[in-house]
1. Could you please find all residues in region B:141-150 being modelled with pLDDT of 95 or more and away from the ligand (no atom under 13 Å from the Cβ)?
2. Condition first: more than 10 Å from chain B (Cβ to nearest Cβ) and surrounded by fewer than 23 Cβ atoms within 10 Å (Cβ to Cβ). Can you find one or more residues in region A:267-279 that meet it?
3. Looking at (1) outside any helix (DSSP H, G or I); (2) surrounded by fewer than 23 Cβ atoms within 10 Å (Cβ to Cβ); (3) in contact with a strand residue (DSSP E or B) (Cβ under 8 Å, 6 or more places away or on another chain), can you tell me which one A:Leu118 breaks?
4. Among the numbered criteria (1) assigned to a helix (DSSP H, G or I); (2) more than 20 Å from A:Gly127 (Cβ to Cβ); (3) among the charged types (D, E, K, R), which single criterion is violated by A:Glu294?
5. Can A:Leu282 be described as within 13 Å of another protein chain (Cβ to nearest Cβ), closer than 21 Å to A:Gly330 by Cα and out of contact with any Lys or Arg (no Cβ under 6 Å at 6 or more places or on another chain)?
6. Against the conditions (1) farther than 22 Å from A:Lys357 by Cα; (2) away from every other protein chain (no Cβ under 12 Å); (3) in contact with an Asp or Glu (Cβ under 8 Å, 6 or more places away or on another chain); (4) more than 16 Å from the ligand (Cβ to nearest atom), where does B:Ala334 fall short? Just the number, please.
7. Among the residues of region A:300-318, write down those that are within 9 Å of chain B (Cβ to nearest Cβ) and either over 15 Å from A:Ala232 (Cβ atoms) or in contact with a Ser or Thr (Cβ under 6 Å, 6 or more places away or on another chain) (or both).
Amino acid sequence: MTVSAEDLQMLADTAREWVSDNAPARAGLGRDPALGASQWRGVAEMGWAGAAVPEETGGAGFGFVGLGALLGEIGREIADIPLLASGIAASLVARFGSDVARYETLPGLLSGETQAALAIGEGAHHGGALSTTATRTTGGWVLNGRKSWVQGAASAAVLLVAAQGDTPMLFLVDAQAVRHEAIDSVDGRAFAHVILDNVAVTDDALLAGGGDTVARAVDLARIGLAAEMVGACERAIEITVDYLKTREQFGRKIGSFQALQHRAAQMLVDLELARSSVQAALAAADEDRPDLEELAILAKYMAGEAIHLASSEMVQLHGGIGMTSEHVAGNYIKWARVSEALLGGNAFLGERYATIKGY
Amino acid sequence: MSDFRQLARDWIAANLPASIRIAMPEEEIPWGGRKPTYPNPDTKAWLDAMIAQGWTAPTWPSAYGGAGLDAAQAMILQEELQRAGARPALFSFGLWMLGPVLLEYGTDEQKARFLPSIVRAETRWCQGYSEPGAGSDLASLRTRAEDKGDHWLVNGQKIWTSYADKADWIFALVRTDMDAPKHLGISFLLIDLQTPGVSVRPIELISGSSPFCETFFDDVKVPKENMVGPLNGGWTIAKKLLQYERQNVSAVGFGGDRSVRIEDLAKRAVGEVDGRIADGALRARIARHNLYERAVDVTTRRTQIAADSGDVGVLTSVVKYASAKAHQARGELAVELLGLDGLGWSGDNFDAGDLNETRKWLRSKGNSIEGGTSEINLNVISKRVLGLPD
Ligand SMILES: Cc1cc2nc3c(=O)[nH]c(=O)nc-3n(C[C@H](O)[C@H](O)[C@H](O)COP(=O)(O)OP(=O)(O)OC[C@H]3O[C@@H](n4cnc5c(N)ncnc54)[C@H](O)[C@@H]3O)c2cc1C
């Protein structure tokens, strides 16, 4: 499947307008009001949730490249819109779901009737084995454990839960069946820990494909998050560069000082390296390439480097105003650090990359 | 698999000599020219086979000896060559820099005269841009060409001309209007280095090799038809060529030789535990380096795709800056890992491969200077991409 560059651009342009109208980045402490159910339906009606779902199964057929373009626009405004989870869940259900899941759950995900959350992470660094267990029963499974930092858990109707059975497995779980422990995170996004206490699911809840399904969900989530991070990084640089062009000191625009120009240029270099990495990973997801994990790591790692620099420089180059809650810089730096840590920080990703590459 | 990929793969398998797979010692670099040297005869065989296919310049029109491939096919070909570990068949400033601008700005006669001999490795070109007083500030160059009716009379001096002593021709920037503002009085001239009045003196590099030269022009007569583009309109061509140069800085010839894997050097240095580098901190540094290098690779590809569809954009400055950084980081890592074994200069006390790493490390220091320094590239990015004020 190939989407034309023009179609992608149109998709991104529409998304930029919608996100900046409906969920613009704002300064200040505290939580953004959650996106209302009707707003989410509006998002879904534009076909976003099914962006990566093939047309044959009711999606928009834009591929992960298309979903990535949308996520980039959401990232620009660091908006708490649960497209990452719902978009990836829809693509996984369409591909690996049981008949029941495809007939009963998928339509709701595509129409916006239901939101999904990805309960795939565990622990502060996402390392090691899955501690959530899946135990076989007759005709189903019982799940026990705790998934951490699940974005949008409270508003989601279904969760994709990674658990350890004979192999790592991925289940579709009714949100009613789990407990939440809301997290007041530094960036104000709506995260929760999710506790699974003897949650019984039927065989229909299992996404086929064995351990690969879990690995794929993690890869896709990393890539999607990296796409958001590149969007946020791009916007952070724009805001900073605008400031350099307008702020005057010593009788000149501060952006005319070469010391600052070079720092701005270095941010752009890192951004472009991250952008290429994310694009390569999105294409690999569409092509179902065997080196998807490597590219997912590359994307998340480079996005992490780029946004780390850009968000830090955003505060520094704004001077005092950058430290105040009246300015949006603080929200970018907080959002950035949470994103960098989700699904594995850069030290973890580097180690994993070395493992895959055999050193 | 696409038909073309299969075709390329089969052809490479049938034609690539075993001794021409990756790891290329400097003396075996195939530069072509009037007096070529091919110490390994396989190098010549591989070059001839590639020339016959038009694959030394795959995207150039077949009328000029190329293969007329589209951007996608050229990318596939490059991937297949890489997959097979094939050495580049030809190293050539003509291919990388002059050819693309001739295709765009040359007359039909100039294209027919110069392009085929580049493709076939018959003419070796060098680049006459820098002068003692004109480096980063290239437009202040002073070598001049006077109109003498039936020819140009060239006087002046170039410096840092890589391989001028081995080249056949030079593409040079010359001043043709002494009174115009500095960017507006420059023309782009092609000069045969055998013309009376041209002399060349090599300068040695810190890596011990001497690719650099000073090139002197003393009443050199150059035919009128050797000017590319309009009189005093050379600056546009000069800048375009620089973009191609920057794009090519990531090529093997500019210090990007990765035939030795840095992780293998690390295993040698600190040992292995269960097949992994024994020192976790070192492994982390190497993984980070490799990820950065890979990000540069995917960005280089992205730039090439953009360039193949006619958009030699500002990403070239990004790639130039980032690949210089990556090459240099690799060189520093290699020398650090080898310890004193990596700090030899010559002799049997040292492994030939290690000596090569030492030279590569030193050579990589030039990556942030040649083709526009890193500082100048950051200037370009901040002014032209980000629009920061003067
Ligand atoms: C390996 C190698 C191969 C080369 N091959 C060729 C060749 O074949 N043909 C050819 O013509 N030339 C060649 N060059 C020359 C090269 O293009 C010049 O060296 C380069 O453009 C820099 O010019 P310069 O050496 O005069 O340094 P200068 O311009 O004097 O610069 C000195 C330092 O000042 C910095 N600087 C200068 N101006 C600014 C500014 N405005 N803002 C910030 N910093 C600034 C530079 O970045 C540099 O760090 C080669 C150079 C190298 C290293």
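1. In the first step, residues of region B:141-150 are kept if they are modelled with pLDDT of 95 or more; the result is B:141-148.
Result: B:Arg142, B:Arg144, B:Ala145, B:Glu146, B:Asp147, B:Lys148.
2. Step one: list which residues in region A:267-279 are more than 10 Å from chain B (Cβ to nearest Cβ), which gives none.
Looking through region A:267-279, none of the residues is more than 10 Å from chain B (Cβ to nearest Cβ) and surrounded by fewer than 23 Cβ atoms within 10 Å (Cβ to Cβ).
3. (2)
4. Checking A:Glu294 against (1) assigned to a helix (DSSP H, G or I); (2) more than 20 Å from A:Gly127 (Cβ to Cβ); (3) among the charged types (D, E, K, R), the one that fails is (2).
5. Details: within 13 Å of another protein chain (Cβ to nearest Cβ): yes; closer than 21 Å to A:Gly330 by Cα: no; out of contact with any Lys or Arg (no Cβ under 6 Å at 6 or more places or on another chain): yes.
No, not satisfied.
6. (1)
7. As a first pass, look at region A:300-318 and keep what is within 9 Å of chain B (Cβ to nearest Cβ): A:301-302, A:305.
A:Tyr301, A:Met302, listed by residue number.
Okay, residues lined up against (1) more than 16 Å from the ligand (Cβ to nearest atom); (2) surrounded by fewer than 20 Cβ atoms within 10 Å (Cβ to Cβ); (3) outside any strand (DSSP E or B):
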residue	(1), (2), (3)
B:Gln127	no, no, no
B:Ser136	no, yes, yes
B:Ala139	no, yes, yes
B:Asn155	yes, yes, no
B:Thr161	no, no, yes
B:Ile170	no, no, no
B:Asp177	yes, yes, yes
B:Ser187	no, no, no
B:Gln194	yes, yes, yes
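The values are calculated or read from the model by the stated rules, or taken from the named source; none is laboratory data. Given the structure is predicted, the values throughout are model-derived calculations rather than measurements. Using ideal geometry, Cβ is built from the backbone for each residue, glycine included, and neighbour counts are taken over all protein chains shown. We work out accessible area using only protein heavy atoms, side chains counted, and drop any ligands, DNA or RNA first. Shrake-Rupley method; radii C 1.70, N 1.55, O 1.52, S 1.80 Å.
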